[in-house]
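Notes follow once the structure below has been shown.
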Amino acid sequence: MDGSEHQSAIVVRQLEKRFGSQTVLNGIDLTIGKGETVAVLGRSGTGKSVLLKLLVGLQKPDSGSIQIHGQEITALPPEELNELRSRIGFLFQEAALYDSLTLEENVAFPLKHHKNHKQAHQARARELLAVVGMEKDLDKMPSQISGGMKKRVGLARALALEPDIVLFDEPTAGLDPITAGEIEELILELQKERQMSSVVVTHDLHGARVVADRLALIHEGNILIEGTFDDLKGSSHPFVTQFLREGV
Amino acid sequence: MAHDTYPVRASGDTTPAVPNRAVAALVSFFEWFGELGLFCFQAGRAAMTPPYEWRELVRQMDQVGSKSAVLVSVAGAAIGVVLSLETRASLSRFGAESSLPAVIVVSIIRESGPIITGLIVSGRVAAGNGAALGSMKVTDQLDAMEVSGVSPYRYLVAPRILACVLMLPLLTLACDFSGIVMGWVVNTLGDPISFRLFLDTGFKHMRFNDFLPPTFKTMAFGFIIGAVSCFLGMTVQRGTEGVGRAATNAVVLSSLLIILADVVLVRLILVFFP
């Protein structure tokens, strides 16, 4: 491990994932520095969400290495993996709010189940809901709010355990441009405030440019190109040019 | 045996299709039970190691117990009525109407009460568990729980299985009680006797071995209902269509397994509690 990897929040090396005979990820290499935001772009079904699930241990890779804060997670026992997960927030594509709990209970859920956060979990949940502008809807059920509001509450829940890494799975998918812009602003504000490392999986090129320091484009199971938006723009690869043209 | 006696799958493919399909079905049958066994092991480990989810357990006991009590009691009452009507007609042919209370009490407590309770709870709770966990699975709620560092086995599965195991014997008592009461009511319409006398006559030859093993065998039914329904819910595939299938399969499979388990348990009870 070199010095730069030691400073990294996430280091992925030669990551492979197959489902049956279909290879979804075919030797991915990716490094995310501390406090850095990387947007992972690509067409639908190219394994972007799978990559996020691998990063948080929801799925096991077929081969390769994933290090979070220098700790190899692919071989961690469940207890240690759970401990590590308390340092990672995850915003799901459809927010994945628990539909039998109120919004306040949803945000309080991780706090109630972690010994370091049990105290005053209700006050903390309210505080987090206020941060995302949902303080007036504490007692509502997830079925009573819109998609954009669900994402806000999902974001509050992802931040509940004060993670230093947050993974966003399509944070603006299915939202109108104004609500999507609000969510992007919220993510930017939180990143500035909390200095978190983030991975944003999206196929929304505009949103990726707004929130990310660096972009990585997945194509055919691998990262085709990685860099700033200008680096991508300078590429002559036909897929990159087509993706940028259609995306913009 | 020549290969060409078997139907082949496609032109050019001379692999025997039927035996392969049969082997594949057999393998997937054993795989399914293997996965269920592994699932039960994980749920058992989650149930036995702290932290314990007491609040969720109480909530599930309420869901399984108090919300099934009326249904189970009504089913028990219906069994009591039918048994009383049918048995009276049969016994009167032999002039043995005086045995009616004993026949009703023994048949309800030893067999009808436990199996009816198992099947009724299977219909209500297994469908609910299969659908609830299935929809949580397809909407990523189970993943969200795991990412929060909370094991779905500990929070969702173990309390549901334990609640079924603990509540089934109590629900069986409710079923037995309402069956016996309604058996007495119908019996009294034809041959008026006091409830006290009905009970005295009915329980005269009953021993603890007639009462305790059949009542407690329903804990095994509870385990089947909880484990099968949670397993099918948590392994849902193919979106909302899969959720519906999980709910249906949870009821069908747990009912079938309850009946099969009853056959084994009745035999074991007869051997160990003669």
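The values are calculated or read from the model by the stated rules, or taken from the named source; none is laboratory data. Remember, it's a predicted structure, so these values are computed and weren't measured experimentally. Cβ coordinates were reconstructed from backbone atoms using ideal geometry, including for glycine residues, and neighbour counts include every protein chain displayed. For the accessible areas, the whole protein counts, side chains as well, though only heavy atoms, and no ligand, DNA or RNA atoms are used. Shrake-Rupley method; radii C 1.70, N 1.55, O 1.52, S 1.80 Å.
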#### Entry: Pairs, first open to solvent by 20 Å² or more (accessible area, probe 1.4 Å) in segment A:77-94, second of a type in the set (Val, Ile, Thr), C-beta under 7 Å, six or more apart
A:Arg87/A:Ile165; A:Glu94/B:Thr139
### Message
Can you say whether B:Gly149 is surrounded by fewer than 21 Cβ atoms within 10 Å (Cβ to Cβ) and over 25 Å from B:Leu232 (Cβ atoms), as far as the supplied structure shows?
### Response
yes
### Query
Are any residues in segment A:211-225 surrounded by fewer than 21 Cβ atoms within 10 Å (Cβ to Cβ), within 15 Å of the chain's Cα centre (by Cα) and outside any strand (DSSP E or B), and if so, which ones?
A:Asp213
### Query
For segment A:232-248, which residues satisfy the criterion of being more than 23 Å from the chain's Cα centre (by Cα) and open to solvent by 30 Å² or more (accessible area, probe 1.4 Å)?
A:Lys233, A:Gly234, A:Ser236, A:His237, A:Pro238, A:Thr241, A:Gln242, A:Arg245, A:Glu246
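Condition check ((1) of a type in the set (Val, Ile, Thr); (2) within 27 Å of the chain's Cα centre (by Cα)) across all residues:
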position	(1), (2)
B:Ala144	no, no
B:Leu156	no, yes
B:Thr172	yes, yes
B:Asn209	no, yes
B:Thr215	yes, yes
B:Met219	no, yes
B:Gly222	no, yes
B:Leu232	no, yes
### Message
Looking only at residues that are among the charged types (D, E, K, R) and within 22 Å of A:Met134 (Cα to Cα) in segment A:78-114, which one is farthest from the other protein chains (Cβ to nearest Cβ)?
### Response
A:Glu104
### Task
Can you confirm whether segment A:159-180 contains a residue that is under 20 Å from the mean Cα position of the chain (by Cα), away from chain B (no Cβ under 11 Å), assigned to a helix (DSSP H, G or I) and surrounded by 22 or more Cβ atoms within 10 Å (Cβ to Cβ)?
no
### Filter result (open to solvent by 10 Å² or more (accessible area, probe 1.4 Å), in contact with an Asp or Glu (Cβ under 9 Å, 6 or more places away or on another chain) and more than 14 Å from chain A (Cβ to nearest Cβ)) within segment B:114-146
B:Ile115
### Query
If we scan segment B:188-211, do we find a residue that is in contact with a helix residue (DSSP H, G or I) (Cβ under 7 Å, 6 or more places away or on another chain), under 28 Å from B:Ala250 (Cα atoms) and open to solvent by 30 Å² or more (accessible area, probe 1.4 Å)?
no
#### Entry: Residue in segment A:118-144 that is nearest to B:Arg59 (Cα to Cα), counting only those that are part of a loop (DSSP other than H, G, I, E, B) and within 22 Å of the chain's Cα centre (by Cα)
A:Met134
### Message
Could you go through segment B:155-168 and let me know if any residue there is in a helix (DSSP H, G or I) and either within 10 Å of another protein chain (Cβ to nearest Cβ) or touching a Pro at 6+ places or on another chain (Cβ under 6 Å) (or both).
### Response
yes
